[in-house]
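Below is one structure, written out as structure tokens, with a few remarks after it.
Taken together, the values in this text are just the output of simple stated rules run on the coordinates, not laboratory data. Since the structure is predicted, the reported quantities are computational estimates derived from the model, not experimental observations. Quick reminder, even Gly has a Cβ in these numbers, built from the backbone with ideal geometry, and neighbours come from all protein chains shown.
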Amino acid sequence: MYLSVFEIFKVGIGPSSSHTMGPMVATARFLEHLRGLSFKVAGLRASLHGSLAFTGVGHASDRAVILGLAGFTPETYDAARAEAMLAQIKADGHVEAEGLGRLRFDPEGDLIFDYGLPLPGHANGLRLMGLDAQGDVIAQETYYSVGGGFVVTEAELDRKSAPSGPPVPYPFESAAEMLAMARESGLSIAAMKRANEVSRMGPGTLDQGLARLWTVMRDCIDRGLDTDGTLPGGLNVRRRAKGIRAALEAERGMNLGPPHTINDWISVYAMAVNEENAAGGQVVTAPTNGAAGVVPATIRYWLDHVPSAAPSRVGEFLLTAAAIGGLVKHNASISGAECGCQAEVGAASAMAAAGLAAVLGGTPEQIENAAEIALEHHLGMTCDPVKGLVQVPCIERNGLGAIKAVSAASLALRGDGTHFMPLDNCIEAMRQTGADMSEKYKETALGGLAVNVPNC
């Protein structure tokens, strides 16, 4: 099994990897599909199903579909140009698609939120259609946004995807295999992951990509720490990261505050990212947008507050975290719509704990233990966003997920790596818990905190 570090960590836009980035990726794939047909379409239509319908407006799924059909992608998203394009499309009911010309698409009638039963393959389903001049469907594809910006067609979901590309030197599909390969090779988890990546790309490309990931993460933290105001969406949630950072800096300058104030620093780094995400800013999926703050907050804590930290080892952190994230995705899920928030913030916390344990000198066994501790203590967490927005309780959950990651790494490093519950078993428990979880608690905003809100 091989999932690249650049599949687990993707540069994209908020507020949701599955609900915003996924639909935009799906529309890009559909336009490419239409370009390969022997006939031309005259118009476009889209329908959103399941969680994409129930919480699509709060997650900007409608905007993502409209802009995606106009050629926008998460990696190159330009906010100012996007706003102008949205206004233009809504005004004249057409999109300009490269290689396809001017196509009829009126969001009022051609973008449908279907609140019936979800499509059979996944909770996040969308159908994209090409129309003839009379408005009849002459081309159609079904896509599923399966979390973290990953998108598959109905056909791809129905069949086991064959491995693509040449074999990698360390193709572990479980934590047990990962640890066995580490023992046999004498390599760290990061070194094995690096060898896998280099087998598919040059070392320079890998290092440049890792550096860019951290640059985007770091800049996102900084923007969040420097910005105040109210988040969009109607809940009138105030940004808090800037004010909390200012208070923490004032206390530090006066030598005030108890030792556990470090938890507030960890939280504020994560909250800064997720406030940016909620505002539709540029973030890195880690492994999703809803959990985008945990890994960068843990890295920032390590760099700014741990004396032995070295910026040159951020790549080692990210590679280790990606190895754990790949195991969770391969053997369970990173989708809140599929398994609840345990699959998002829980997975992110496990990834961050593993990365931190690695750069603090942990053995592969201690790293696996750190990931297990972090994931274990998120089991059962529901995804219940108020009004379908990635704000309450999501922003604070990232802060607490980062704190758990640091605590898990610290606990694991106090031992020798031997422990009762293997990471593989914990991942399987998470998968089973997600399968048993009511749909009300899987990103539909139909249960939990989402329906227990103030009347005022």
Query - Cα centroid of the range 177-209 to Cα centroid of the range 211-240, whole Å - result: 32 Å
Query raised in the report: Can you put 17, 185, 407, 312 in order, fewest other beta carbons within 10 Å first?
Result: 312, 185, 407, 17
Query raised in the report: Over the Cα atoms of the range 86-210, what is the Rg over Rh ratio if Rh follows Kirkwood?
Result: 1.15
Report task. Write down, largest first, the equivalent ellipsoid semi-axes of the range 363-432 in whole Å, where each equals the square root of 5 times an eigenvalue of the alpha-carbon gyration tensor. Result -> 27, 15, 7
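Over the range 17-158, what relative contact order in percent results from Cα pairs under 8 Å that are six or more residues apart? Present the calculation step by step, with values, prior to reporting the outcome.
Working: 268 pairs, mean separation 52.4, N = 142.
Computed over the range 17-158, the figure is 37 percent.
Order by neighbour count: 188, 308, 438, fewest other Cβ atoms within 10 Å first, most last. Spell out each step's value before the answer.
Working: 188 18, 308 9, 438 12.
In order of increasing Cβ crowding within 10 Å: 308, 438, 188.
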Requested in this report: Quick one: compute the contact order of the chain, relative version, from alpha carbon pairs under 8 angstrom and 6+ residues apart, as a percent.
Outcome: 18 percent
Query raised in the report: Net charge near residue 112, counting Lys/Arg +1 and Asp/Glu -1 over other residues with Cβ under 13 Å of its Cβ?
Result: -3
Query - Residue-span extension gain [residue 199 to residue 91] - 0.36 nm each, minus C-alpha spacing - result: 34.0 nm
**Report entry** Helical contribution to [θ] at 222 nm, DSSP H n ≥ 4, -39,500 (n - 2.57), averaged over the chain, rounded to 500
**Finding:** -15500 deg cm²/dmol
Report task. For residue 13, enumerate residues with amide H under 5 Å from its amide H, sequence gap 5+ or separate chain, H modeled in the peptide plane. Result -> 283
**Report entry** Cα-Cα P(r), the range 317-435, percent of pairs per 5 Å interval
**Finding:** 2, 14, 24, 24, 18, 10, 4, 1, 0
Requested in this report: Could you go through the range 395-411 in sequence order and give the Karplus-derived ³J(HN,Hα) for each residue, using 6.51 cos²θ - 1.76 cosθ + 1.60 with θ = phi - 60°, rounded to whole Hz, and x for Gly and Pro?
Outcome: 5, 5, 4, 5, x, 5, x, 5, 4, 4, 4, 5, 5, 5, 4, 5, 4
**Report entry** On Cα atoms only, tilt of 189-198 relative to the major axis of the chain in degrees
**Finding:** 40 degrees
Query raised in the report: If the viscosity is 1.567 mPa s and the temperature 4 °C, what Stokes-Einstein diffusion coefficient in µm²/s follows for the range 186-311 when Rh is the Kirkwood radius over Cα pairs?
Result: 80 µm²/s
Query raised in the report: Alpha carbon centre of the range 43-93 versus the range 252-311: separation in Å?
Result: 30 Å
Report summary line: The answer for the longest stretch of the chain without any exposed chymotrypsin sites (Phe, Trp or Tyr not before Pro) (DSSP loop, at most 12 further Cβ atoms within 10 Å) is 116-419
Query raised in the report: How big is the range 17-158 in terms of Cα radius of gyration and Dmax, in angstroms?
Result: 13.8, 39
Query raised in the report: Non-local amide H neighbours of residue 113 (under 5 Å, H modeled in plane, Pro and chain starts lacking H): which ones?
Result: 48
Query raised in the report: Using 0.36 nm per residue, how much length does the chain from residue 228 to residue 180 gain when fully extended, once their Cα-Cα distance is taken away?
Result: 12.5 nm
Query raised in the report: Relative to the compact globular guide of 2.2 N^0.38 Å, what is the alpha carbon radius of gyration of the chain, as a ratio?
Result: 0.96
